[in-house]
1. Would you check if residue 160 is assigned to a strand (DSSP E or B), touching a Gly at 6+ places or on another chain (Cβ under 7 Å), buried (at least 18 other Cβ atoms within 10 Å of the Cβ) and at pLDDT below 90?
2. Which pairs turn up if I take residues in segment 18-35 that are modelled with pLDDT of 75 or more and look for partners that are of a type in the set (S, T, N, Q) with beta carbon separation below 7 Å, at least 6 apart in sequence or on another chain?
3. Being small (Gly, Ala, Ser), outside any loop (DSSP other than H, G, I, E, B) and either touching a residue at least 24 places away in the same chain (Cβ under 8 Å) or touching a strand residue (DSSP E or B) at 6+ places or on another chain (Cβ under 9 Å) (or both), is that true of even one residue in segment 191-208?
4. Tally the residues that are over 17 Å from residue 187 (Cβ atoms), in contact with a strand residue (DSSP E or B) (Cβ under 8 Å, 6 or more places away or on another chain) and modelled with pLDDT of 90 or more, restricting the search to segment 236-270.
5. Can you list residue pairs whose Cβ atoms sit under 6 Å apart, with the first residue in segment 156-170 being small (Gly, Ala, Ser) and the second being crowded, with 17+ Cβ neighbours inside 10 Å? Count only pairs 6 or more apart in sequence or on different chains.
6. Among residues belonging to segment 49-95 that are among the polar types (S, T, N, Q), more than 18 Å from residue 36 (Cβ to Cβ) and modelled with pLDDT of 85 or more, point out the one that is surrounded by the most Cβ atoms within 10 Å (Cβ to Cβ).
7. Go through segment 220-246 and count every residue that is surrounded by fewer than 14 Cβ atoms within 10 Å (Cβ to Cβ) and not in a strand (DSSP E or B).
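The values are calculated or read from the model by the stated rules, or taken from the named source; none is laboratory data. All values reported here derive from a predicted model rather than from experimental measurement. All Cβ positions, even for glycine, are placed from backbone atoms using ideal geometry, and neighbour counts span all protein chains on display.
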Amino acid sequence: MKRWAVLGAVCGALAIAAAQWPAAWAVAGAASRASGGRVQLADVRGSVWNGSAVLVLSGGPGSNDARALPGRVAWQARPSLHAAGDDGMAPGLRIAIAQDCCLREPLRLGVRAHAGGVEAHVGALDWQVPASLLQGLGAPWNTLGFEGGLRLQAQALRWQRGQGGSRLQGQLALTAERISSRIAPRRSLGSYRLELDAQPPQRGGQPGRTTLQLRTLQGILKLAGDGEWLAGQFRFRGEARAQPGEESELANVLNLIGNRQGPITLRVLR
């Protein structure tokens, strides 16, 4: 009987410790490691289950550039039997993330581990932040000195990682609105949209096609590009050009974006 009492006391102590596990030890460290030090959580409070922090973008280890988002990011995590996916009961976590300054509605995130790997499912996302936040990532963003707004939107985005590698499914869109730069004499450049479309696997086990498209909504700096993930490799070809008559105004911006070829700047990734 005494043995069972000791075991119960130990289990209770472990449960309490898990519930109070400091977020500074786990969440902040995980964010920094996963991003190579570019995404950091500062002034972390609470536990891994219920806490908050300030989100900071940095240029990585050794960088002197850093930008913090206004306000705090708060999270709540709860165990669940239906954390992600719809193929039966699988234990995992349901996480709700709120940020008064930038998230219109709390972000709902489901994460679960299973025999084949790990899976995460993101509900509707509508996140708006100032473009000046990018300056925290260091060069060339700190030189370009962008101002304006960034809006990241997603619907039913799913990420899976298993023995066959990583796989993404769903749509993601980033809109850059009313962008200006400190190195452009007239400063105002335009508005742009970057769209990612990750299609589900095809019949016969063939991976789905994942494409990336960049286009200009309006402005004197014209951006366009297309990319694709194919056989585990990412290929992207983008170009930037000035509106006719604005070449001298945008010379500095074009030189920083990529390889200059006359009036066009090219950026090719393979």
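1. Numbers: assigned to a strand (DSSP E or B): yes; touching a Gly at 6+ places or on another chain (Cβ under 7 Å): yes; buried (at least 18 other Cβ atoms within 10 Å of the Cβ): yes; at pLDDT below 90: yes.
Taking the combined requirement at face value, the residue satisfies it.
2. Listed pairs, sorted by first residue: 31/40; 32/40.
3. Checked against the condition, which is being small (Gly, Ala, Ser), outside any loop (DSSP other than H, G, I, E, B) and either touching a residue at least 24 places away in the same chain (Cβ under 8 Å) or touching a strand residue (DSSP E or B) at 6+ places or on another chain (Cβ under 9 Å) (or both), segment 191-208 yields at least one hit.
4. 5
5. Close Cβ pairs (under 6 Å, with a partner that is crowded, with 17+ Cβ neighbours inside 10 Å) amount to 156/170; 170/157; 170/158; 170/198.
6. As a first pass, look at segment 49-95 and keep what is among the polar types (S, T, N, Q): 50, 52, 58, 63-64, 76, 80.
Of the ones still in play, those that are also more than 18 Å from residue 36 (Cβ to Cβ) are 50, 52, 76, 80.
Next, from what is left, pick out any that are modelled with pLDDT of 85 or more: 50, 52, 76.
Numbers: 50: 15, 52: 19, 76: 15.
Across segment 49-95, the extreme among qualifying residues is 52.
7. Residues flagged as surrounded by fewer than 14 Cβ atoms within 10 Å (Cβ to Cβ) and not in a strand (DSSP E or B) within segment 220-246 amount to 4.
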